Structures are given as structure tokens and as C-alpha cells.
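Undergrad: Submitted below is the structure of interest, expressed as C-alpha cells.
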Amino acid sequence: MIFAACCVSFLSRVSLSIAIVAMVSHSSNATTLNSSVSDVCPLPNITDDDRSDFLEGEFEWDEPTQGLILGGFYYGYLVSNIFSGIVTEYLGGRLAMAIAVLGSSLLCLINPVCARISVGLFIAVRVLAGLLQGPLVSATFFLMASWIPPQEKAKLCSITLTGSSIGTVLSMALGGLMIGSNFLGGWPSVFYVFGVAGVLWTIPWLLLIHDSPDNHPSLSATELRYIKAQGSTLKGEKRIKIPWGKIATSLPFWSLMAVAWGNNFGFFNLLTEIPTYLKNIQHFGIQDNGLLSALPYIISTIFSICWGQFASFLLRKNALSIIQVRKLSSSIAMFGPALALITICFADCNSTLAVACLCISVGLNSASNSGADITEQEIAPNLTALLKSITNSIGSVAGILAPSITGAITAGNQTLSAWRTVFGISALTYVICCIIYLIFGTVEVQSWNEPKQKQKEKDRY
């Protein structure tokens, strides 16, 4: 059910990335007139039969405006993430998740109307959707910290978190097909269909899901004993006083914030901008654009599950320790995409190589589902929701900056050199942030995870 939650939430979140390609007129994305011919890719020969695949949008939004619209979700996401950990601790993961998905899905349904009324209203609705989805990640990790033993995290978390990749795949691929077929009016269809999917998900979630093994009505006694035997490595039932000072001075936690910044900057830059790059630089039509934009996330899903199984195998065989698996996974997830993005800078108009590099970059990044991305629940299981809300807030800032920076670089300048700058910035960010984690990262439960009284008792013995 968490897998499905990640899936439907990304349907509504990513829908705009593919829809905006058909929403914006070609003239709004015109390349600077003084760009050299060698710095742009030639337009394909378009026949009358193919012309319908290159839709003329109804909105005159320039690149900075598009960057603001695409980043609008993350403005709200950032604000609510600051408080989402505390909210999740009080509401519980079950209710916090339901509110996040249901609320953002209902807003997704009214996106077309808002866009046609005014760009300001459209941005406001996207910001509000981000506000509502803020608790999604903290609720996810709240539940996983309550249910999943450490030795099973690499395998189960890699499966669970691929829901976001599946949601992206469906949003890109089905979105492109629906827009190209003029289903429900073309681009509005992606918001209608994906919004309804999120609303329907809420029903089984509220009927089936419980916050912890202790209050699940149908959990077997055997499984409950197995889970409870994990002790302090899983989240306890009681809330503890938040040790803000120790969290703020914890180098292991700072390393997780660095990873959150690097991963999210690169990931969300590609998530929001791949369709635009494929349209304006490689000149793909809307249906091909949707399918090709989805391809990296198909590979991401497959690689995440396979790597999670392999990481679990390494742990079962004692070939590597948990921290070694986390750092190996994070290295693949960040150094690999950096190398792929550097390569795409030299792909020029070779669309096959460009798409291959995008697939490698997004695909390898999914190894983070077995790496640093799940480490908050290991260093402090009792504070997982709070820590994840903080690191996710850091990632949200990156989600805001990435499309805005890209929009500023490519404004009136849809050229190969401009996009080389975009990919180069993402690659450098990946490398720097991963190095910080490799130096300071750990999976040891921190002393500030325990209530003060319990910690004093431990110190006494």
C-alpha cells in the first residue's frame, strides 16, 4: 500500500512535467536568434501525418515562468516538510499519508481550470498540492521504521520506494499517449485521470493500514514476536522529547542532509526537465516524448528492485556490513549519474546516446533506495519521521532551485551549450554531496535516539 501511495502521489506530482510540453506554445520556447547553427539540433522533417504529434499549446509562458510553475509544487512541499515530521508523529503515519495523497489528488483534478483562469492561480494550486504532500515521506518512513527490521530494509525499502518511479513511468508514458490522442481534451486528461487514481487509493488504505504491529487486529502472534524482537532498531511506541541541539550538531545527520541535497537536485532537475529537453533539443513529438521520458524510470524501477535484492544477498552472506552496503549503494547512486550526465554533454544531437545517458543517470540513482536514503531510520528510529522531514525539506529546496536554475540558463537559449551547463551543475552536485556522506555517514543508532531517562540507565550499566 505504501508502494501504491508513492505511485499515485507521483502521478499527480509529475503530471505537469509532461502536460506542460503540450500546454505551452512553440513560440514561447524559441531559441535565441543569434545562436550558432552548430549549437542547435536540426529540426526533423515533419509530414502532415506526423504534425499532430507536435502540438501547439495554448499558453504563452516563457522559460522562467515555466520554471516557476514546475517548481511551485516544491515551494509548498518545502514549507510543509519543515513541520511534517512533527505532524506525522502526532497523527500517525496512516492518517498523515491519507491526507497527503487525497488532498493533492483532489487539487490535481482542478489544475486545468486553474491554469486557464490565470497563471497565478495555477501556481497557487501547485504550491498547495506541495503543502499537502509534505507528510508523504515522513509518513512512509514512520511506517517502515515501525515495521521493517534492519536486515530487511535494503530489500523491502527498495521495492516500496520504487512506487515513485512507477508513478513517474505511468505519468510520462500514459500522459504522452492521452495528450496525443486528445482523450478528454488532450493535456487536461492527465490531471483528471491521475487525480481520480489518488482518490480511489484512499479507500483501501484507510481500511487496511495500521500504524504499528502492536495495534494491528489481524497480525499473527509469531510475526509480532519477530518484529518486537528487533528491539531499539525499530521505532518505539512512545514519543520522546526532541533533542534539537544534538541533532543540529550530529555529523552523521549532516551527511544525510548533504545526500538529500545532491540526490534531489539531480533527480528533480531530470524529473521536471527531461520532457522539455527532449522536445526543444532533440525535437521529439509529444507521444514519443512521453514514452522516452518514461523509459529512464522504467529502468530505475528494475534496477532499484534488483539492486535491493543484491544488497540483501550481500548482507545475508555477511559479504559486506550494513554501512558498507549503504555507502556502496550511495556511491553507485551518485557517482554513476554524475558520469552519465557528463557524457550527455558530449552527446550533442545524437538522440540515442542522449536518451541512453538519461536512462543510466536515473536508473543508477535508484540504488539510493538501499543507501543513504533509508539511513534516518537506522541512526534514530524513534525520530525517523522528524529526521526524514528535515532531509526532505533540504531536498525540496533543491526541487525548487533545480527547475528555476534550468529555466534561467535556457531562457530564450534552447541550445546544446546551455543544456551542457545544466547537466554539468547536476553532475558536480552529485559528486560533492556523495563525498561528504562517504566521510561522515554511519548506521549506528545515535545516543540521542533514546529518551533521557532511558539513556541515563544505559550509561549507568
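Undergrad: Being in contact (Cβ under 8 Å) with a residue 24 or more places away in the chain, in contact with a helix residue (DSSP H, G or I) (Cβ under 7 Å, 6 or more places away or on another chain) and either surrounded by fewer than 18 Cβ atoms within 10 Å (Cβ to Cβ) or of a type in the set (A, V, I, L, M) (or both) is the requirement here; does residue 341 meet it?
TA: Details: in contact (Cβ under 8 Å) with a residue 24 or more places away in the chain: yes; in contact with a helix residue (DSSP H, G or I) (Cβ under 7 Å, 6 or more places away or on another chain): yes; either surrounded by fewer than 18 Cβ atoms within 10 Å (Cβ to Cβ) or of a type in the set (A, V, I, L, M) (or both): yes.
It is true that residue 341 is in contact (Cβ under 8 Å) with a residue 24 or more places away in the chain, in contact with a helix residue (DSSP H, G or I) (Cβ under 7 Å, 6 or more places away or on another chain) and either surrounded by fewer than 18 Cβ atoms within 10 Å (Cβ to Cβ) or of a type in the set (A, V, I, L, M) (or both).
Undergrad: Name the pairs whose Cβ atoms lie under 8 Å apart, with the first residue in the stretch 120-136 and more than 16 Å from residue 20 (Cα to Cα) and part of a helix (DSSP H, G or I), the second open to solvent by 50 Å² or more (accessible area, probe 1.4 Å) and of a type outside the set (Ser, Thr, Tyr), and 6 or more positions between them or separate chains?
TA: As it stands, the answer is 130/79; 131/79; 132/99; 135/87; 135/91; 135/99, since those pairs meet every condition given.
Undergrad: What residue, among those in the stretch 177-223 that are touching a Leu at 6+ places or on another chain (Cβ under 9 Å) and of a type in the set (Asp, Glu), is least open to solvent (accessible area, probe 1.4 Å)?
TA: Only one residue tops the list, namely 211.
Undergrad: How many residues, within the stretch 75-100, are touching an Asp or Glu at 6+ places or on another chain (Cβ under 8 Å) and either open to solvent by less than 10 Å² (accessible area, probe 1.4 Å) or without any contact (Cβ under 8 Å) to a residue 60 or more places away in the chain (or both)?
TA: Restricting attention to the stretch 75-100, the residues satisfying the condition of being touching an Asp or Glu at 6+ places or on another chain (Cβ under 8 Å) are 92-94.
Now drop any that are not either open to solvent by less than 10 Å² (accessible area, probe 1.4 Å) or without any contact (Cβ under 8 Å) to a residue 60 or more places away in the chain (or both), which leaves 92-93.
The number of residues fulfilling the criteria is 2.
Undergrad: For the stretch 133-163, which residues satisfy the criterion of being touching a Gly at 6+ places or on another chain (Cβ under 6 Å) and open to solvent by 50 Å² or more (accessible area, probe 1.4 Å)?
TA: Of the residues in the stretch 133-163, the ones touching a Gly at 6+ places or on another chain (Cβ under 6 Å) are 138-139, 142-143, 154-155, 158.
The one that is touching a Gly at 6+ places or on another chain (Cβ under 6 Å) and open to solvent by 50 Å² or more (accessible area, probe 1.4 Å): 155.
Undergrad: If only one of 322, 332 is touching a Pro at 6+ places or on another chain (Cβ under 8 Å) and more than 30 Å from residue 180 (Cα to Cα), which one is it?
TA: Working: 332 fails: touching a Pro at 6+ places or on another chain (Cβ under 8 Å).
Criteria check complete, one pass: 322.
Undergrad: Which condition from (1) within 21 Å of the chain's Cα centre (by Cα); (2) crowded, with 24+ Cβ neighbours inside 10 Å; (3) farther than 23 Å from residue 138 by Cβ is the one that residue 431 breaks?
TA: That leaves (2) as the condition not met.
Undergrad: Find the residue count for the stretch 101-126, including only residues that are open to solvent by 40 Å² or more (accessible area, probe 1.4 Å) and either of a type outside the set (S, T, N, Q) or in contact with a Leu (Cβ under 7 Å, 6 or more places away or on another chain) (or both). Steps first, please.
TA: To start, the set of residues in the stretch 101-126 that are open to solvent by 40 Å² or more (accessible area, probe 1.4 Å) comprises 102, 106, 109-110, 113, 116-121, 124.
Adding the requirement that they be either of a type outside the set (S, T, N, Q) or in contact with a Leu (Cβ under 7 Å, 6 or more places away or on another chain) (or both) leaves 102, 106, 109-110, 113, 116-117, 119-121, 124.
Within the stretch 101-126, residues that are open to solvent by 40 Å² or more (accessible area, probe 1.4 Å) and either of a type outside the set (S, T, N, Q) or in contact with a Leu (Cβ under 7 Å, 6 or more places away or on another chain) (or both) number 11.
Undergrad: Among what's in the stretch 394-415 and is assigned to a helix (DSSP H, G or I) and open to solvent by 10 Å² or more (accessible area, probe 1.4 Å), pick the residue that is nearest to residue 305 (Cα to Cα).
TA: First pass over the stretch 394-415, keeping only residues assigned to a helix (DSSP H, G or I): 394-410.
Those still in the list that are open to solvent by 10 Å² or more (accessible area, probe 1.4 Å) too: 394, 397, 400-401, 404-405, 408-409.
On the way: 394: 26, 397: 28, 400: 28, 401: 29, 404: 32, 405: 32, 408: 36, 409: 35 Å.
Here the residue is 394.
Undergrad: Filtering the stretch 315-338 down to residues that are in a helix (DSSP H, G or I) and more than 20 Å from residue 437 (Cα to Cα), which residue is most open to solvent (accessible area, probe 1.4 Å)?
TA: Let us first name the residues in the stretch 315-338 that are in a helix (DSSP H, G or I), namely 315-316, 322-338.
Next, only the ones that are more than 20 Å from residue 437 (Cα to Cα) stay: 315-316.
Working: 315: 26, 316: 149 Å².
Ranking the qualifying residues of the stretch 315-338, first place goes to 316.
Undergrad: Any idea how many residues of the stretch 292-314 are open to solvent by 10 Å² or more (accessible area, probe 1.4 Å) and in contact with a Cys (Cβ under 7 Å, 6 or more places away or on another chain)? Show your work before the answer.
TA: So in the stretch 292-314, the residues open to solvent by 10 Å² or more (accessible area, probe 1.4 Å) come out as 292, 295, 298-299, 301-303, 305-307, 309-310, 313-314.
So of that shortlist, the ones also in contact with a Cys (Cβ under 7 Å, 6 or more places away or on another chain) come out as 295, 299.
Counting residues in the stretch 292-314 that are open to solvent by 10 Å² or more (accessible area, probe 1.4 Å) and in contact with a Cys (Cβ under 7 Å, 6 or more places away or on another chain) gives 2.
Undergrad: Yes or no: the stretch 54-74 includes at least one residue that is assigned to a helix (DSSP H, G or I), aromatic (Phe, Trp, Tyr), open to solvent by 20 Å² or more (accessible area, probe 1.4 Å) and at pLDDT 80 or above.
TA: Scanning the stretch 54-74, I find no residue that is assigned to a helix (DSSP H, G or I), aromatic (Phe, Trp, Tyr), open to solvent by 20 Å² or more (accessible area, probe 1.4 Å) and at pLDDT 80 or above, so the answer is no.
Undergrad: Answer yes if at least one residue in the stretch 192-208 is at pLDDT below 85, out of contact with any helix residue (DSSP H, G or I) (no Cβ under 7 Å at 6 or more places or on another chain) and of a type outside the set (Lys, Arg), and no otherwise. Before you say what the answer is, go through the steps one by one.
TA: First, pick out the residues of the stretch 192-208 that are at pLDDT below 85: none.
Taking every residue of the stretch 192-208 in turn, none turns out to be at pLDDT below 85, out of contact with any helix residue (DSSP H, G or I) (no Cβ under 7 Å at 6 or more places or on another chain) and of a type outside the set (Lys, Arg).
The values are calculated or read from the model by the stated rules, or taken from the named source; none is laboratory data. This structure is a prediction, so every number in the text was calculated from the model and none was measured. Virtual Cβ from ideal backbone geometry, glycine too; neighbours counted across all protein chains shown. Accessible surface areas use protein heavy atoms only, side chains included; no ligands, DNA or RNA. Shrake-Rupley method; radii C 1.70, N 1.55, O 1.52, S 1.80 Å.
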